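Data first, discussion second: the structure below is written as structure tokens.
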Amino acid sequence: MAEITNKPDRDAMIDALMALAAERPWDDIELGDIVEKAGGSLADFREAFPSKGAVLGAFSKRIDKEVLDGTSDELADEPARERLFDVYMRRLDALTPYKDALKRINIAVRRDPLTLAALNQVALNSQRFMLAAANIPTEDQLGLLRLQGAVLVFANVMETWYDDDSPDLARTMARLDRELKRGERVMERAGDAQRVLAPFKALADALLDGGRRLRREGLRGRRGREESAPHDDGGAGEAQDPAAAI
């Protein structure tokens, strides 16, 4: 009878990495350290994740799910800033058991632009769901600006949260309130700018469409002349060559 072995699952590897990150610098953690802590092998790790950074992505997704599972419609009638304040505080609650690890990771990441850029994409994906949980749109013309702004707001709040050990997180909540108010003003100005520039954008689009239409008509006229003009067999393929239109 074959021996049954228990492989560590993805959550066990995430927990192992976060436990190690709370104890030592991020750059000192090797893949072998993670699998040893999780009680598995490198083959198990490779089957679950392509890299150490990918584990952080899975950790972020796990936190997203915890926040989303706790989302309700209780604040549906409140202003957007109040709804997002609630979502962010619940996210910080979910992150609290990993505060020491996240603080160490943050110190390392700030020294590595490539890792910072990769994690920014992870943060953008998370914020897409956090804003959705607060019923704030992200698919309109200002959606990308709103998402990146949310990433910056939450990153700034976490800088205060790392050193806020008070039971009520008064400093963190005050920082969050300030950041959200500032973000709200930025988005209001962006919306005003969009409304002011809308007529000019419409004019530019119309001119661009007109230019395209003229080029298409000119191209059709040229093709008609070329098809009606006499030519020898040696040039039979030129009219069908896309480069002939240039």
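Computed from the coordinates by the stated procedures, all read-outs in this text should not be read as laboratory data. Model, not experiment: these values are computed from the prediction. Note that we place each Cβ from the backbone using ideal geometry, even for glycine, and neighbour counts take in every protein chain shown.
Annotations for the structure displayed:
- Phi angles of segment 166-174 translate, via the Karplus equation with coefficients 6.51, -1.76, 1.60 and θ = phi - 60°, into HN-Hα couplings of 6, x, 8, 6, 4, 5, 5, 5, 5 Hz per residue; Gly and Pro are given as x.
- Rounded to the nearest 0.05, the FRET efficiency derived from the C-beta distance between Ala54 and Leu145 at R0 = 22 Å is 0.20.
- Full extension of the chain segment joining Ser166 with Glu23 gains 49.3 nm, where the gain is 0.36 nm per residue of separation less the Cα-Cα distance.
- In summary, the lysines within cross-link reach of Lys99, defined as a Cα separation below 17 angstrom excluding same-chain residues under 8 places away, comprise Lys61.
- log₁₀ of I(q)/I(0) at q = 0.15, 0.23 Å⁻¹ - segment 7-49, Debye sum with one point per alpha carbon: -0.29, -0.66
- Three-way shape label, segment 74-178, alpha-carbon gyration tensor, a/c 1.5: oblate
- Here the relative contact order of segment 73-198, from alpha carbon pairs under 8 Å that lie six or more residues apart, stands at 27 percent.
- In this calculation the C-beta distance from Arg46 to Leu116 is compared with R0 = 45 Å, giving a FRET efficiency of 0.95.
- At full extension, Asn106 and Asp93 could sit 2.9 nm farther apart than now, given 0.36 nm per residue minus the alpha carbon distance.
- Considering only Cα atoms, the convex hull volume of segment 1-122 works out to 131 Å³ per residue.
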